[in-house]
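As structure tokens, the structure follows; a few thoughts come after it.
The values are calculated or read from the model by the stated rules, or taken from the named source; none is laboratory data. Being a predicted model, the structure only gives us computed values, none of them experimental. Cβ sites come from the backbone with ideal geometry, for glycine too, and all protein chains shown count toward neighbours. Ligands, DNA and RNA are excluded from the accessible area calculation, which covers all protein heavy atoms including side chains. Shrake-Rupley method; radii C 1.70, N 1.55, O 1.52, S 1.80 Å.
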Amino acid sequence: MDPERPRVRLMQPEDAEELSAVRTREQEFLAPWEPVRPDGFTTVAGQAEVIAASLRLYEAGQSFPLVILDDDGAIIGSMVLSGIVRGPFLSAHLGYWVASSANGRGYATSAARATLALAFGELALHRVQAATLPHNTASQRVLAKNGFERIGYAPRYLQIDGRWQDHVLFQRIADDG
């Protein structure tokens, strides 16, 4: 992996076919870490709907949906700044997934770094938060490498894999310097 190569770009309607292929291939791997997905979610049409909804939120300034790329420019995951709040809060939530073949290779860490640069630069946010399942140590390492600090524990925080599960909460504050 080339650490200097950009890892993210804005999600585009043309990504539906490639995202469908990755999502279909990774469905079993991702299931324990995500909400239960509706029928048709991994199809090209399903991914086209996800992308269209994501881009509507982007146009409204409420979200910034990105795809994560490998060294060849292939999509290997996605990262999103969601729930963007302006005004005195200036905050967003960071969420992401990476294909099993890309795990442990630095792609998520690099993509998070680029996304935080966008959040604290172009978007001028003050804070980015993230939540992980307590046993998701790989995701917690990604956050730690990007300067996130643990701020709490939320019982039954999100419905993941069909049941309400506890989460560890993290945040990163924009550098004041």
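Some observations on this one:
- Cα shape, the range 78-177, gyration tensor, a/c 1.5 rule: oblate
- In the context of the full set of protein chains, residues of the chain present 53 Å² of accessible surface per residue (probe radius 1.4 Å, heavy atoms only).
- If you run the Gaussian network model on the chain, springs between alpha carbon atoms under 10 Å, then out of Ala154, Ala102, Ala60 the most flexible one is Ala60.
- Excluding the site residues themselves, the longest part of the chain lacking any GluC sites (Glu not before Pro) in a DSSP loop with at most 16 other Cβ atoms within 10 Å is 5-121.
- Charge dipole (the range 55-177, unit charges on Cβ, about Cα centre) - positive-most of Ala117, Phe89, Ile151: Ile151
- 23 Å tail of the calculated P(r), the range 1-91, as % of Cα pairs: 28 percent
- Within-13-Å neighbourhood charge of Pro35 [Cβ basis; K, R +1; D, E -1]: 0
- Whole-Hz Karplus values for the range 64-81 come out as 9, x, 10, 9, 9, 10, 8, 5, 8, x, 7, 6, 10, x, 9, 9, 9, 9 Hz, taken residue by residue from phi with 6.51 cos²θ - 1.76 cosθ + 1.60 and θ = phi - 60°; glycine and proline positions read x.
- Net charge over other residues, Cβ less than 11 angstrom from the Cβ of Ile160 (K, R count +1; D, E count -1): -1
- Applying 1/(1 + (r/R0)^6) with R0 = 22 Å to the Cβ-Cβ distance of Ala45 and Leu10 gives a FRET efficiency near 0.55.
- Overall shape: oblate for the range 45-119, with the ratio a/c of the largest to smallest alpha carbon gyration tensor axis at 1.5 or above and b/c at least equal to a/b.
- Amide H contacts of His126 (H built 1.01 Å from N, under 5 Å, at least 5 apart or other chain): Ser91
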